[in-house]
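The values are calculated or read from the model by the stated rules, or taken from the named source; none is laboratory data. Note that the coordinates shown come from a computational prediction; the quantities given were computed from them, not determined experimentally. In this analysis, Cβ positions are derived from the backbone assuming ideal geometry, glycine residues included, and neighbour counts consider all displayed protein chains.
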Amino acid sequence: MASSLRLKISASLFTVISLFTLTGVSCSPTPVNIGKGNPLVIWGLWEESTALEPIITAFQEETGVDVEYRKIASVADYENQLLAAIAEDRGPDIFVIHHTWVETKRGLMSPASPDIIDERALREEFVDVVADDLIRDGHVYALPTSVDTLALYYNKDLLSTAGIARPPRTWDEFLAVVERITRINRLGVIEQSAAALGTATNISRATDIIQLLFIQSGLSLNNDDNKVRLSEELGVKALTFYTDFANKSKKAYTWNIQQDYSIDAFSQGKTAMMINYSYHIPTVRAKNPRLRFDIAPVPQIADSKVQNFASYWPYAVSNKSKSPELAWQFLRQMTNTEGAMSIIRHHQIPPARRDGVASLSRDPSLGVFAEQALTAVTWPRGDIVAIDAIMNTMIDNVITGAATINASLVRAQEQINLIQPDPVQPAAEEPISGGLQQSR
């Protein structure tokens, strides 16, 4: 898979939340009121109220409807607050979801009227992965402002010192860069790591990276029966490729469980490359303002279809909203070209709209992420937190020698298939699985 064998999310609902190290100040949402009366209520996690105020003000002036935005400060507590509020009929009209929630939680959501947005309009305006994730039975269940993808962070100085003129574009090139940069002393200690890959516990969004490799290798994770077949030959190649970076007997060896957490190691210059989402750009800059780093597209298998891995958080309308049509009107305004770009610029996040991709394709920080959204994929998952835990264990078992590659894949496959949802009968009222411990 390129001689062996790439993806927020978010990231796990995420650790699709770790999909990021999520921060929170208080478990109580702080409301921002625009106008008076009984407003439409929105619950969010990432957007600041200042980013939404112009959109809210414009909507209020056009419709006379008040809107109240509440940013839930504690991501870990968001699920519990949301479920309790919906159950007690005091929930928001609009609430943020992870894109995978539509697979099993659409019973909590009111789909858009075709008069507001239909499947054709969604496919024309948004990148392909949005339609794949958010349309069910011809109905649109949510809309995003942003779609994030895994990309390659690289230390410009470390690559230059090693005589490497540009970041690797393929996994074969990536392996060559790893061999040139990695330095291991006579005691077997890694003095200079080339890449933060190979383990689970000390790598941010390791589970998303292995899913990226599964998909790039050609392994189908989105089967008609919603069951994964990780133990196929392509799965073996992908997991072998990934764990070889932490295998002392392999040329790719450049990382182990003694290394610092991947984001810290990269920020400190202890590793030359890491794979992560755009939301960690400010994290790295804050940790080391003097670090000279850049972002490149995530490596691909040579001469194969380009595939990137997406994680993102769209907004849905509650099926208990007393004004679902008004809620969808606001959501449509929030995610149209003007509304979405104002949020994108405010938060410096990659766009979900095609016109946004065109606008930001040359942006020095977000351009890579914007263009990758055009080739981003994902797959239907039920319990994201549980799947992340299963895949983390799968990787750890290989690294520690607790199980072989094949045995680890078979075990992970069995466990994931036990919790995958029925593709025909979605569990509409089932509680949102796990706690939000994921990436954005």
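Couple of notes before you dig in:
- Residue identified as outside any loop (DSSP other than H, G, I, E, B), among the acidic types (Asp, Glu) and in the same structural domain as Asn336 (by TED's automatic domain parsing) among Asp132, Asp157, Asp115: Asp132
- Taking each residue of the range 306-323 that is more than 16 Å from Ile94 (Cβ to Cβ) and looking for partners that are of a type in the set (Ser, Thr, Tyr) and surrounded by fewer than 24 Cβ atoms within 10 Å (Cβ to Cβ) with beta-carbon atoms closer than 7 Å, six or more apart or interchain, yields Val306/Thr375; Gln307/Thr375; Asn308/Thr375.
- Residue match in the range 395-405 (condition: in a helix (DSSP H, G or I), within 20 Å of Glu125 (Cβ to Cβ), modelled with pLDDT of 95 or more and not β-branched (Val, Ile, Thr)): no
- The lone criterion from (1) small (Gly, Ala, Ser); (2) more than 30 Å from Asn223 (Cβ to Cβ); (3) within 21 Å of the chain's Cα centre (by Cα) left unmet by Gly382 is number (2).
- Per the conditions (1) under 30 Å from Ser193 (Cβ atoms); (2) of a type in the set (Phe, Trp, Tyr); (3) assigned by TED's automatic domain parsing to the domain that holds Pro39, the sole criterion not satisfied by Tyr78 is (1).
- Among (1) modelled with pLDDT of 50 or more; (2) within 18 Å of Arg381 (Cβ to Cβ); (3) surrounded by 21 or more Cβ atoms within 10 Å (Cβ to Cβ), the one test that Leu418 misses: (3)
- Set Ser361, Ser365, Ser342: member being more than 30 Å from Tyr154 (Cβ to Cβ) and in the same structural domain as Tyr69 (by TED's automatic domain parsing): Ser342
- The range 181-199, subset in a loop (DSSP other than H, G, I, E, B) and surrounded by fewer than 24 Cβ atoms within 10 Å (Cβ to Cβ), residue nearest to the chain's Cα centre (by Cα): Thr182
- The selection criterion, being over 18 Å from the mean Cα position of the chain (by Cα) and either closer than 30 Å to Met109 by Cβ or at pLDDT below 95 (or both), holds for Gly138.
- Across the range 347-379, the number of residues qualifying as under 13 Å from the mean Cα position of the chain (by Cα), within 21 Å of Gln333 (Cβ to Cβ) and β-branched (Val, Ile, Thr) comes to 1.
- Any hit, the range 16-31, residues being at pLDDT 50 or above, surrounded by 16 or more Cβ atoms within 10 Å (Cβ to Cβ) and within 25 Å of the chain's Cα centre (by Cα): no
- Unique residue being modelled with pLDDT of 80 or more and small (Gly, Ala, Ser) when the list is Ala84, Ala11: Ala84
- In the range 200-239, residue surrounded by the most Cβ atoms within 10 Å (Cβ to Cβ) [restricted to those that are among the basic types (Lys, Arg) and within 16 Å of Pro380 (Cα to Cα)]: Arg229
- Residues located in the range 44-67, provided they are at pLDDT below 95 and assigned to a strand (DSSP E or B): Gly44
- Flag for Gly107 being out of contact with any strand residue (DSSP E or B) (no Cβ under 9 Å at 6 or more places or on another chain) and at pLDDT 95 or above: no
- Set Val178, Val127, Val147: member being out of contact with any helix residue (DSSP H, G or I) (no Cβ under 8 Å at 6 or more places or on another chain) and surrounded by 23 or more Cβ atoms within 10 Å (Cβ to Cβ): Val178
- Hey, Leu5 modelled with pLDDT under 90 and outside any helix (DSSP H, G or I) or not: yes
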